[in-house]
Amino acid sequence: MLEKLIEVRGISKMYGKRKTKEKIHAVRDISFHVNRGEVLGLLGPNGAGKTSTIKMLCGLLEPDAGSIHINGLDIGRKRLKALEHISAVLEGNRNLYWRLTVRENLEYFAGNRGYSRQQVAAQTEKLLNQFHLKEKEHQLVNELSRGMQQKLAIAVALLANTDVILLDEPTLGLDVEVSYELRKILKSIVTEEQRTIIISSHDMPVVQELCDRAIIINKGEVVIDEKVENLLRLFETRAYSIKLSEKLSAEQEMKLYSRFPLSTYKASSHEGIIEVNLEHSQDIYELFDLLKEEGTVVESIDRITIDFEQVFIQIVKGGKPREVAAFVEC
Ligand SMILES: Nc1ncnc2c1ncn2[C@@H]1O[C@H](COP(=O)(O)OP(=O)(O)O)[C@@H](O)[C@H]1O
Ligand SMILES: [Mg+2]
């Protein structure tokens, strides 16, 4: 049975600007839950409210309204007990000892968890290898690159063996190769180990590659909460762009929308373009019939990919594409 490890109910957060007394509504009535073993992506552009949400989850910020339960414990009431179940790596904040080496940091934090000497050695070795940090094991943290520090910070968070791990923008500010490497490491961890992880990111590939489910947030609100596989299936189906040598008649246009409600039709003075997302590829013949009725000539047919990223960009621009609108309503 699915076990709800985190339950967020209607949390909100406002920030006040002292000078202007203006209020910023960073998080507006957000609700979601996370099951044990699930990897949840919090996806949204800069300023969407991801960091504020994560800070509320790990007790660094108090919500103005709503509640957060972790393993059945209310953070507002049983703060310390609830927070025992969570470790977090926040954006720009790396909980490491800068004057200790990579290995010493891992050993220190493993020791802190009350592991035996043998367990400390085994855990340290495992993480050094998993995060490709073996070569740097004797280097001081303050001499490491930003990417190495980030890898170590995540390794330390995993070491704590808490029920939930929060990673706020884990690849932010890393160069392309390190970001790719970190994604691969995280991928192997989420596939091999049953960890419950929340990863916030404004970077689509991170969520697409690592997460089971994605919550897209924009302007402090949840826009979509869906399994990533469903989102991908929905947006990467059979989409075609069909160029016509003339415009559709009003009747054809009406028929088009009634038969293919998710299609779009654009017309210029002398031609028309239909973009249609077909559930079954044979549906295209119905579309041809519709065109044939009035002898409309097809100039070209191109396969188009409406991917997750395009949809995300459209959502955060404020407009919901037809597909998303229909999807959200159903
Ligand atoms: N300490 C703060 N004081 C005032 N405004 C803040 C503070 N932290 C965040 N904000 C504002 O709240 C909104 C959400 O920010 P944040 O949660 O950091 O979003 P994200 O992590 O998605 O970029 C933004 O408009 C941001 O400018
Ligand atoms: Mg942030």
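The values are calculated or read from the model by the stated rules, or taken from the named source; none is laboratory data. Please read these numbers as outputs of a predicted model, since none were measured by experiment. Counting neighbours? That spans all protein chains shown, and the Cβs are built from the backbone with ideal geometry, glycine included. For the accessible areas, the whole protein counts, side chains as well, though only heavy atoms, and no ligand, DNA or RNA atoms are used. Shrake-Rupley method; radii C 1.70, N 1.55, O 1.52, S 1.80 Å.
If only one of V34, V8 is under 21 Å from P170 (Cα atoms), open to solvent by less than 10 Å² (accessible area, probe 1.4 Å) and not in a loop (DSSP other than H, G, I, E, B), which one is it?
Among V34, V8, only V34 is under 21 Å from P170 (Cα atoms), open to solvent by less than 10 Å² (accessible area, probe 1.4 Å) and not in a loop (DSSP other than H, G, I, E, B).
Quick one: is K243 free of Cβ contacts under 8 Å to residues at least 24 places away in the same chain and assigned to a strand (DSSP E or B)?
No, not satisfied.
Quick check on Y97: is it outside any strand (DSSP E or B), touching a residue at least 40 places away in the same chain (Cβ under 8 Å) and open to solvent by 30 Å² or more (accessible area, probe 1.4 Å)?
Values: outside any strand (DSSP E or B): yes; touching a residue at least 40 places away in the same chain (Cβ under 8 Å): yes; open to solvent by 30 Å² or more (accessible area, probe 1.4 Å): yes.
Here the answer is yes, as Y97 does meet what is asked.
Which residue, of D203, D175, is of a type in the set (D, E, K, R) and within 16 Å of ligand 1 (Cβ to nearest atom)?
Working: D175 fails: within 16 Å of ligand 1 (Cβ to nearest atom).
Just a single option satisfies the conditions, and that option is D203.
Among what's in segment 1-21 and is touching a helix residue (DSSP H, G or I) at 6+ places or on another chain (Cβ under 9 Å) and not hydrophobic (A, V, I, L, M, F, W, C), pick the residue that is nearest to H85 (Cα to Cα).
Top of the filtered list is K13.
Out of (1) outside any loop (DSSP other than H, G, I, E, B); (2) surrounded by 19 or more Cβ atoms within 10 Å (Cβ to Cβ), what's the single condition that is false for G66?
Single failed check for G66: (2).
Test D74 against the stated conditions and say whether it is open to solvent by 60 Å² or more (accessible area, probe 1.4 Å) and either modelled with pLDDT of 95 or more or within 13 Å of ligand 2 (Cβ to nearest atom) (or both).
no
State which residue pairs qualify: first residue closer than 26 Å to N230 by Cα and inside segment 285-307, second residue among the small types (G, A, S) and at pLDDT 85 or above in any location, beta carbons under 6 Å apart, and separation of 6 or more residues or different chains.
Once the first residue is closer than 26 Å to N230 by Cα and sits in segment 285-307, its partners that are among the small types (G, A, S) and at pLDDT 85 or above give D302/S241; I304/S241.
Scan K55, K126 and give me the residue that is away from ligand 1 (no atom under 16 Å from the Cβ), open to solvent by 40 Å² or more (accessible area, probe 1.4 Å) and either assigned to a helix (DSSP H, G or I) or closer than 23 Å to R146 by Cβ (or both).
One residue alone meets the criteria, K126.
In segment 169-235, which strands (runs of 3 or more DSSP E) lie fully inside it and hold 2 or more residues that are of a type outside the set (A, V, I, L, M), away from ligand 2 (no atom under 16 Å from the Cβ) and out of contact with any Leu (no Cβ under 7 Å at 6 or more places or on another chain)?
221-227
Sort out which residues of segment 25-52 are touching a Cys at 6+ places or on another chain (Cβ under 7 Å) and either of a type in the set (A, V, I, L, M) or away from ligand 1 (no atom under 16 Å from the Cβ) (or both), and write them in order of number.
Just the residues of segment 25-52 that are touching a Cys at 6+ places or on another chain (Cβ under 7 Å), to begin with: 39-41.
Residues satisfying the conditions are V39, L40.
Would you point out the residue of segment 164-189, among those that are closer than 21 Å to K50 by Cβ and among the hydroxyl-bearing types (S, T, Y), that is nearest to the chain's Cα centre (by Cα)?
Among them, the one singled out is T171.
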